[in-house]
Amino acid sequence: FHGIISREQADEILAGVEGAYILRESQRQPGCYTLALRFGNQTLNYRLFYDGKHFVGEKRFESIHDLVTDGLITLYIETKASEYISKMTTNPIYEHIGYATLLREKVSRRLSRTKNESRKASVTSEENTPVEKITSLVRRAALTQNDNHFNYEKAHNFKVHTFRGPHWCEYCANFMWGLIAQGVRCSDCGLNVHKQCSKYVPNDCQPDLKRIKRVYCCDLTTLVKAHNTQRPMVVDSCIREIEARGLKSEGLYRVSGFTEHIEDVKMAFDRDGDKADISASIYPDINIIAGALKLYFRDLPIPVITYDTYSKFIEAAKISTPDERLEAIHEVLMLLPAAHYETLRYLMIHLKKVTLHEKDNFMNAENLGIVFGPTLMRPPEDSTLATLNDMRYQKLIVQILIENEDVLF
């Protein structure tokens, strides 16, 4: 550290010593620090920050020395191989190994469906084709081609990752450089790519069960693709149990079960998945199962009625003409991700059955709308005022979905 010195003074100190660096305090902005680094016969100056780790960009380092080392590697590669880097994504191996081709065909089929066609997910089976074993991506490809997977599109969940030892991008098959944070890894399926390559990877993530640690609080599409089910197994299991022994239960979904027992059911699903025992011999009170189902929907990181469609549903609910309102709701339903749509469709069919036993359970569509409105849809911004203002429309949306499930779905 050389204290408060000018750029010119820093340049003099570093002159002729390639790769050398010093730290200085800014003359113009006291209290702000600059990393002066010699590279390519010139002195480069970077604003230096510290939040427990040192950084000048996205990457954070334990020491300035590591920051400089990583920076020199990046500067060298970007200088000596800029043309090579610019062409990395133009001929990706990802497009030629079978995996992407297989999933691209599925996506094309999905996009070709018209708005008025059924949104029920279809199971597709592909013939096994020889695949050259080059990367872990190809190994996953070989496995998935023999499986039946519900045709749900899912974006990769990429997060910056530090790779230990040499690593190659599974999109362009080129080397990943740097000391840390050399690329990104999908936390759901394990795909490893350059950050710049991640922009070109299609939405074809096939989550690996080994990476999905729980059932509750897991993204809905991620869960169903990991378990290869049409809907979350929690929804299927709970609804199956409720319809078997609880449709006539007074106050179904309105009456609360014991919180600790509901938590037990949650832990059972997280631990055992679709093998969780929620039978009457373990949980005789059906309100515990109903409570566990509602808790699953509340715990979703993205609600069944997604944040992206929330405002459109609210606006549709405000339409005064019943036929126009129904048409508007139908159009917004078409915007839901396929797994969300299928889950909502299945739930509404179930809730319609609940209303058919209103004489016994005293639960009509309006009552169920009050219960499930805030459970199935939440405003994108965490605003208590917005939630309170929208509650009557949330209730109305669910009520309309139940009453018109045969038309809307």
Seminar exercise, completed: Screening 387, 375 for residues that are in a helix (DSSP H, G or I), farther than 23 Å from residue 232 by Cα and polar (S, T, N, Q) leaves only 387
For this session: Can you confirm whether the stretch 236-248 contains a residue that is in a loop (DSSP other than H, G, I, E, B), at pLDDT 90 or above, closer than 30 Å to residue 286 by Cβ and open to solvent by 30 Å² or more (accessible area, probe 1.4 Å)?
Result: yes
Exercise. If you take the residues of the stretch 1-35 that are hydrophobic (A, V, I, L, M, F, W, C) and more than 16 Å from residue 69 (Cβ to Cβ), which of them is nearest to the chain's Cα centre (by Cα)?
Worked result: 32
Exercise. List pairs: first in the stretch 374-399 and among the aromatic types (Phe, Trp, Tyr), second open to solvent by 90 Å² or more (accessible area, probe 1.4 Å), Cβ under 7 Å, 6+ apart or cross-chain?
Worked result: 393/318
For this session: From (1) open to solvent by 10 Å² or more (accessible area, probe 1.4 Å); (2) in contact (Cβ under 8 Å) with a residue 40 or more places away in the chain, pick out the condition that doesn't hold for residue 293.
Result: (1)
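Condition check ((1) open to solvent by 10 Å² or more (accessible area, probe 1.4 Å); (2) modelled with pLDDT of 90 or more; (3) touching a strand residue (DSSP E or B) at 6+ places or on another chain (Cβ under 9 Å)) across all residues:
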position	(1), (2), (3)
361	no, yes, no
370	yes, yes, no
380	yes, no, no
394	no, yes, yes
397	no, yes, yes
402	no, yes, no
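Among the residues of the stretch 305-324, write down those that are part of a loop (DSSP other than H, G, I, E, B), hydroxyl-bearing (Ser, Thr, Tyr) and touching a residue at least 24 places away in the same chain (Cβ under 8 Å).
If the condition is that a residue be part of a loop (DSSP other than H, G, I, E, B), hydroxyl-bearing (Ser, Thr, Tyr) and touching a residue at least 24 places away in the same chain (Cβ under 8 Å), then 306 is the only one that fits.
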Exercise. Which numbered condition trips up residue 264, out of (1) assigned to a loop (DSSP other than H, G, I, E, B); (2) modelled with pLDDT of 95 or more; (3) not small (Gly, Ala, Ser)?
Worked result: (1)
For this session: For residue 224, indicate whether it is crowded, with 18+ Cβ neighbours inside 10 Å and either at negative phi or not in a helix (DSSP H, G or I) (or both).
Result: yes
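Just the residues that are of a type outside the set (A, V, I, L, M, F, W, C) and either under 20 Å from residue 225 (Cβ atoms) or open to solvent by less than 60 Å² (accessible area, probe 1.4 Å) (or both), please, taken from the stretch 265-279.
Scanning the stretch 265-279 gives 266, 270, 272, 273, 274, 275, 279.
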For this session: Might you check whether a residue that is assigned to a strand (DSSP E or B) and farther than 30 Å from residue 62 by Cβ occurs anywhere in the stretch 161-182?
Result: no
Seminar exercise, completed: From the option list 336, 351, 347, 356, single residue qualifying as surrounded by fewer than 21 Cβ atoms within 10 Å (Cβ to Cβ) and either closer than 18 Å to residue 254 by Cα or at pLDDT below 95 (or both) is 356
Exercise. Can you pull out the residues in the stretch 193-204 that are in a loop (DSSP other than H, G, I, E, B) and either surrounded by fewer than 23 Cβ atoms within 10 Å (Cβ to Cβ) or of a type in the set (Lys, Arg) (or both)?
Worked result: 199, 200, 201, 202, 203
For this session: Just name the residue that is modelled with the lowest pLDDT out of those in the stretch 66-103 that are over 22 Å from residue 207 (Cα atoms), assigned to a helix (DSSP H, G or I) and of a type in the set (Gly, Ala, Ser).
Result: 86
Seminar exercise, completed: Considering the stretch 148-192, residues that are of a type in the set (Gly, Ala, Ser) and touching a His at 6+ places or on another chain (Cβ under 8 Å), and then whichever is most open to solvent (accessible area, probe 1.4 Å), we arrive at 181
Problem set entry | Filter result for residue 341 (closer than 22 Å to residue 247 by Cβ and surrounded by 15 or more Cβ atoms within 10 Å (Cβ to Cβ)) | no
Exercise. Can you spot a residue in the stretch 208-221 that is modelled with pLDDT of 90 or more, out of contact with any His (no Cβ under 9 Å at 6 or more places or on another chain) and in a helix (DSSP H, G or I)?
Worked result: no
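The values are calculated or read from the model by the stated rules, or taken from the named source; none is laboratory data. Note that the coordinates shown come from a computational prediction; the quantities given were computed from them, not determined experimentally. Cβ: placed from backbone, ideal geometry, glycine included. Neighbour counts: every protein chain shown. For accessibility, only protein heavy atoms count, side chains too; no ligands or nucleic acids. Shrake-Rupley method; radii C 1.70, N 1.55, O 1.52, S 1.80 Å.
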